[in-house]
4 protein chains.
Amino acid sequence: MAKLSKAEVLKKAEQLKNWGRWGPDDEWGVLNFITPQDIVNAARLVRKGKVFRLGLELDENGPQRGIFGGRWNPLHQMLATGTDAVAGKHDVTPGLRYADDAINLPTQAATQWDALSHVFLGEQMWNGYPATLVDSRGAHKNGIEKFANKMVGRGVLLDVARHKGVPYLQDGYGITVADLDATASRQGVEVRRADFVIIRTGQMEQRLQTGEWGGYAGGDAPGLAFESLDWKRAQTLHVTKYLTKMAGAARDGLWPH
Amino acid sequence: MAKLSKAEVLKKAEQLKNWGRWGPDDEWGVLNFITPQDIVNAARLVRKGKVFRLGLELDENGPQRGIFGGRWNPLHQMLATGTDAVAGKHDVTPGLRYADDAINLPTQAATQWDALSHVFLGEQMWNGYPATLVDSRGAHKNGIEKFANKMVGRGVLLDVARHKGVPYLQDGYGITVADLDATASRQGVEVRRADFVIIRTGQMEQRLQTGEWGGYAGGDAPGLAFESLDWKRAQTLHVTKYLTKMAGAARDGLWPH
Amino acid sequence: MAKLSKAEVLKKAEQLKNWGRWGPDDEWGVLNFITPQDIVNAARLVRKGKVFRLGLELDENGPQRGIFGGRWNPLHQMLATGTDAVAGKHDVTPGLRYADDAINLPTQAATQWDALSHVFLGEQMWNGYPATLVDSRGAHKNGIEKFANKMVGRGVLLDVARHKGVPYLQDGYGITVADLDATASRQGVEVRRADFVIIRTGQMEQRLQTGEWGGYAGGDAPGLAFESLDWKRAQTLHVTKYLTKMAGAARDGLWPH
Amino acid sequence: MAKLSKAEVLKKAEQLKNWGRWGPDDEWGVLNFITPQDIVNAARLVRKGKVFRLGLELDENGPQRGIFGGRWNPLHQMLATGTDAVAGKHDVTPGLRYADDAINLPTQAATQWDALSHVFLGEQMWNGYPATLVDSRGAHKNGIEKFANKMVGRGVLLDVARHKGVPYLQDGYGITVADLDATASRQGVEVRRADFVIIRTGQMEQRLQTGEWGGYAGGDAPGLAFESLDWKRAQTLHVTKYLTKMAGAARDGLWPH
């Protein structure tokens, strides 16, 4: 993939950005596309009642091994244990023997959704809010808590690795518009407004099997190519990073949420 | 409510416990009752496409103010900010300006599900596993991660406060079997095997409005009375603590999960 | 104490500031006054071999109860316990049974030294370094680690509470130049260049006895009055906050380190 | 170095242990040897007024890279920054612009003293206290806070690497009694009751220069050989791990504090 200039990236960002589309006070972005009827329709699609866990385990074996930004893998600590209980430590309160714990994690640990406050364009974040509204006390606009009851809808898995007949895409591979369209076509699925698109590169399984994370958490893991920004469906979708990591432009934070 | 003796609590625990019901290696408990068809059926109940956020905010204003067990309200810290970005701190990597954060929380902060490893009966936890399987490195059995793809099904809200015509139940109030049945009857809803029952006491709203948490996180907040353990439906349900805190026996950790 | 205007505080800061005195690259401030011979002389003063612990305990009972700036009292967590050891958890490594722990604390917890990067005057910190050199990754100038081998010398305790014949000074009391001089005189001690002056208000003992911290960690605890900035000795001293908290100007961060 | 059997280690522990020597309630161990006069004498030894910093930096570049026991390198986080201040975030409180931070560290990070509660012999810790007195809430006996005003005295550096004419001792090397005696003799120093002995292996500098920590924090770094337990001076000393890591028996936690 040819290396993009900063000017090219900024030009595309200006061209595609949807700031102001839902008013100056909006903090939902493309999630505004999801109507209650979309949710009703999505629920009706449930046929088999199978539930899939999409996230990586939230533990010390994850990909955040200091590769970027002072992040770490989750630290898990116990506040009360069964060994304490059996040693009689909890018997001050009659009958109550218990375990308790705590977790300390960067929000980029394991698998996560990026908030609209996660990346900046110049001195602004999504919808034109000043970037300085994210300070040491948190994100005063565009925080992830704004999505707490918004992330419900139809999910579409595009299994690009399977379509291409490989166990996993290689580091540095940029998924093209042609890849996306061909995968959808092969699967007989149409990507529509308000869908949650999940792209499988196969790399997560491969990393888990080998125990070597490489650049998974912030390096050259396979992802969407810069051109995919122009995919006709991209502007109305929420695209997850779950099974993938984004290469190229997406990593510059300019994906039009 | 008359104070229970430890013997009464232990007797009831022995009488109701379902250890071994799904084999000696099970870590799901009553979640075993949920079939794929239950999930399909639950999905079909969606009529309006409204999404409710049930949890308390995961922030420093929560109810864990040192009332019990060394717990604390979540600590939120930034690893990268917009003020840094605007000050030019991120321009080492051209074009990438971002925010990043971390959170440190006891797993009992805000609103949460209790794992089957959370409480012990004597020297054992649910299904008879030794309590000592929960040590300083975590829960080696019955950890909450076992529920990662299991907590999906039909939810039933029993609005006990509304049924009783009060804005919220008072501290110390124990919800009786008669309360539960009357509330369900009034609402025209039947509680069935494999449902997730959510009981509303009204106290959460009241605490949020006043900013005074009192015993919400571990004191005498209203909850299910000891007799509710014998509610004919209780043995097949997952009962949430979301809108409530449990009084009486439930707090002794003997609720038959 | 009359409330100071911001203009008065800034005027005094400009008048007293010693930026550049030890060159543009200095990060030691008045610690430059301490010569090796001062340390030799200080060591010779040891008569009784008594050692005093000056700090508050670094635990969950301290004064950081959310009074200011998102600080908290230290959180102490175990990574390995004796109860685990006795339960046989450590016997994988033959013969090694151990305890281990971790601590999570704001650096303003308990008793601490303020770094020269702790407060700003306008857009600068001590010696004129830009305040923006303290970002989310830490203090790139004037960090406390610069003092690691510098805080050694003669200590002088000025027991102002004792001199004034009270068990402790009241909240809001500002210690005057006359108080300081009279206390030193009564004690027969002379404060000299390069001393570490420790001022006792008596409030720490009183807070510990009552268990009520009040404004100790960031409120109106007794401390040095604004006029003490002009004390003839102040410009060459390191004044500790150990037994006291500073009222007035010092709290504005303008004390001339 | 021949591999020791567990029986040999336990036999030596029984032979050398000084439990009860200062009564059943003692928590100071060999620090009891230090008299006030020893401290006065130590102070008189100061000739040059030079201060040395012995510890590793308490930061994310340290040796705790997950090699043992769920430890990590210190995590440093900012609660308030200069970039925030300059962006006008602190101007709610007129005139007060500041930086603030927090640190989260295992107590075995960087350089540290081991408490007498750190290792166990069977089901007991030093002085015969039950190991179960160290539970999820901390060490209820033999905590390091007992040493807060006790670690003052004469320090003796034995530069074993220099004596042996090498820049640093190799991994796995066990320092013998002959090494210790010859080094002291060459330096013209006598190790006496109540000294703090600091042993230099040279490895810390070498690790810092190469940036490769290897087994420094819990592996086969050079240290004291098992036989050094019988060194005639060992029973009255506090031996630091500062410039070294202990090999052999000391790592089994049986060094007679």
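FYI, it's all coordinate maths here, none of it is from the lab. The model shown is predicted, which means the values in this text are computed figures rather than measured ones. Don't worry about glycine lacking a Cβ; one is built from the backbone with ideal geometry, like all the others, and counts go over all protein chains shown.
Which distances in nm, rounded to one decimal and ordered from shortest, link the label point of residue A:53 to the equivalent label points in the other identical copies, with labels set 7 Å from Cα toward Cβ?
List, nearest first: 2.6, 4.4, 4.5 nm.
Mind putting a number on the dipole of the protein assembly as shown about its Cα centre? Charges go on the C-beta only, +1 for Lys and Arg and -1 for Asp and Glu, and I need it in Debye to the nearest 20.
On the way: 128 positive and 116 negative charges, 2 e Å.
With Lys and Arg at +1 and Asp and Glu at -1, about 0 debye.
Calculate how many DSSP beta bridges within the protein assembly as shown are antiparallel, expressed in % of all such bridges and rounded to the nearest 5. Walk me through the numbers before you get to the answer.
On the way: 56 of 96 bridges.
In the protein assembly as shown, DSSP labels about 60 percent of beta bridges as antiparallel.
Counting only Cα atoms, I'd like the Rg/Rh figure for segment D:32-79, Kirkwood definition for Rh.
On the way: Rg = 18.3 Å, Rh = 14.8 Å.
Across segment D:32-79, the Cα-based Rg/Rh ratio is 1.24.
Ranking request for peptides B:98-106, C:17-25: highest mean number of other beta-carbon atoms within 10 Å first, then the rest in descending order.
Values: B:98-106: 22.7, C:17-25: 12.4.
Answer by packing, highest mean first, reads B:98-106, C:17-25.
List A:133, C:54, D:158 from most exposed to least, where exposure is judged by having the fewest other Cβ atoms within 10 Å.
Details: A:133 21, C:54 14, D:158 25.
Final ranking by Cβ density, sparse to dense: C:54, A:133, D:158.
Report the semi-axes of the equivalent ellipsoid for chain B in whole Å, largest first, where each axis is √(5λ) for an eigenvalue λ of the Cα gyration tensor. It would help to have the intermediate numbers written out before the result.
Numbers: eigenvalues 234, 110, 91 Å².
Sorted largest first and rounded, they come to 34, 23, 21 Å.
Pairs of alpha-carbon atoms within less than 8 angstrom and 6+ residues apart define the contacts here; what relative contact order does segment D:170-229 have, in percent?
68
Using Cβ contacts closer than 10 Å as the measure, can you line up A:78, D:151 from fewest to most?
Numbers: A:78 24, D:151 14.
Listed from fewest to most nearby Cβ atoms, that is D:151, A:78.
List every residue whose amide H lies under 5 Å from the amide H of residue A:111, counting only residues 5 or more places away in sequence or on a different chain, with H placed 1.01 Å from N in the peptide plane.
A:56
Quick one: dipole size for chain D, taken about the Cα centre, charges +1 on Lys/Arg Cβ and -1 on Asp/Glu Cβ, in debye to the nearest 20. If you can, show how the numbers build up before the last one.
Numbers: 32 positive and 29 negative charges, 164 e Å.
That gives chain D a dipole magnitude of about 780 debye.
Contact order normalised by length for chain D, with contacts defined as Cα pairs under 8 Å and 6 or more residues apart; what percent is it? Don't skip to the answer; put the middle values down first.
Numbers: 390 pairs, mean separation 55.6, N = 257.
Relative contact order of chain D: 22 percent.
What list of ³J(HN,Hα) couplings, whole Hz, do you get for segment A:158-167 from phi and the Karplus terms 6.51, -1.76, 1.60, once you set θ to phi - 60° and write x for glycine and proline?
Per-residue couplings from phi come out as 9, 8, 5, 4, 5, 4, 7, x, 10, x Hz.
What dipole magnitude, in Debye to the nearest 20, does segment B:84-154 give about its Cα centre under +1 on Lys/Arg Cβ and -1 on Asp/Glu Cβ? Don't jump to the answer; show the numbers that get you there.
Values: 7 positive and 8 negative charges, 64 e Å.
Computed about the Cα centre, the dipole is about 300 debye.
Wrap a convex hull around the Cα atoms of segment D:45-162, take a quarter of its surface area, and give that in square nanometres.
Details: hull surface 54.3 nm².
Convex hull of Cα atoms, orientation-averaged projection: 13.6 nm².
Quick check: Cα centre of segment D:191-205 to Cα centre of segment A:84-154, how many Å?
46
Averaged over D:139-150, how many beta carbons belonging to a partner chain fall within 10 Å of each residue's beta carbon? The partial results should precede the final answer.
Working: counts 6, 2, 1, 1, 2, 1, 4, 0, 1, 7, 6, 2.
That average works out to 3.
Considering only D:69, D:10, D:177, whose Cα is most displaced toward the positive end of the charge dipole of chain D, charges sitting on Cβ of Lys, Arg (+1) and Asp, Glu (-1)?
Checked the options; the winner is D:177.
Quick one: 3J(HN,Hα) in Hz for segment D:80-86, Karplus 6.51/-1.76/1.60 with θ = phi - 60°, rounded, Gly and Pro as x.
Those phi angles translate into 7, 10, x, 5, 4, 4, 5 Hz.
Note the distances from residue D:68 to each other copy's matching label point, with points 7 Å along the Cα-to-beta-carbon direction, in nm, sorted shortest first.
List, nearest first: 3.4, 3.8, 4.0 nm.
Whose amide H sits under 5 Å from the amide H of residue B:155, counting only residues 5 or more places off or on another chain, with H placed in the peptide plane?
It is B:196, by chain and number.
Less than 12 Å Cβ to Cβ from residue D:160, Lys/Arg counted +1 and Asp/Glu -1: what total charge do the surrounding residues give? Present the calculation step by step, with values, prior to reporting the outcome.
Numbers: positive: D:162, D:164, D:186, D:200; negative: D:159, D:179, D:181.
Surrounding charge for residue D:160 is +1.
I need to check one value: relative contact order of segment B:114-197, counting alpha carbon pairs closer than 8 Å and at least 6 residues apart, in percent. If you can, show how the numbers build up before the last one.
Numbers: 68 pairs, mean separation 21.3, N = 84.
Worked out over segment B:114-197, it gives 25 percent.
Would you mind giving the mean number of other chain beta-carbons within 10 Å of the Cβ of each residue in A:39-52, as a whole number? Could the numbers behind the result be given before it?
Details: counts 5, 5, 2, 3, 7, 3, 1, 9, 3, 4, 12, 5, 9, 2.
Shielding by partners across A:39-52 averages 5.
Using the Cα centre of segment C:1-109 as origin and beta-carbon charges of +1 (Lys, Arg) and -1 (Asp, Glu), tell me which of C:104, C:32, C:45 is placed farthest towards the positive end of the dipole.
Projecting each Cα onto the dipole axis, the largest value belongs to C:45.
Net charge around residue A:84, counting only other residues with Cβ within less than 13 Å of its Cβ (Lys, Arg = +1; Asp, Glu = -1)? Write down the numbers at each step before the final one.
Values: positive: A:89, A:97, C:89, D:137; negative: A:91, A:100, A:101, B:123, B:135, C:84, D:135.
Net charge in that neighbourhood comes out at -3.
Which cross-chain or sequence-distant (5 or more) residues have an amide H under 5 Å from the amide H of residue A:121, H modelled 1.01 Å from N in plane?
none
Cβ neighbours within 10 Å, averaged per peptide: list A:204-212, C:219-227 in order, most packed at the top. The partial results should precede the final answer.
Values: A:204-212: 13.4, C:219-227: 21.7.
With the highest mean Cβ count within 10 Å placed first, the list reads C:219-227, A:204-212.
Please rank D:114, D:195, fewest neighbouring Cβ atoms within 10 Å first, as an exposure proxy. List each step's numbers first, then the result.
Values: D:114 18, D:195 22.
The order, fewest Cβ neighbours first, is D:114, D:195.
Could you give me the radius of gyration and the Dmax of the protein assembly as shown, taking only the C-alpha atoms into account and expressing both in angstrom?
Taking only Cα atoms of the protein assembly as shown, I get Rg and Dmax of 31.6, 93 Å.
What's the average, rounded to a whole number, of partner chain beta-carbon atoms within 10 Å of each residue's beta-carbon in B:67-77?
Values: counts 0, 3, 8, 11, 4, 7, 2, 1, 10, 6, 14.
Per residue, the average neighbour count from other chains is 6.
Too long at a 20 Å Cα-Cα cut-off: which of D:50/D:150; A:48/B:150; A:11/A:150; C:48/D:17; A:141/C:141? Mind showing how you got there, number by number?
Numbers: D:50/D:150 22 Å; A:48/B:150 14 Å; A:11/A:150 30 Å; C:48/D:17 31 Å; A:141/C:141 31 Å.
Over 20 Å Cα-Cα: D:50/D:150; A:11/A:150; C:48/D:17; A:141/C:141.
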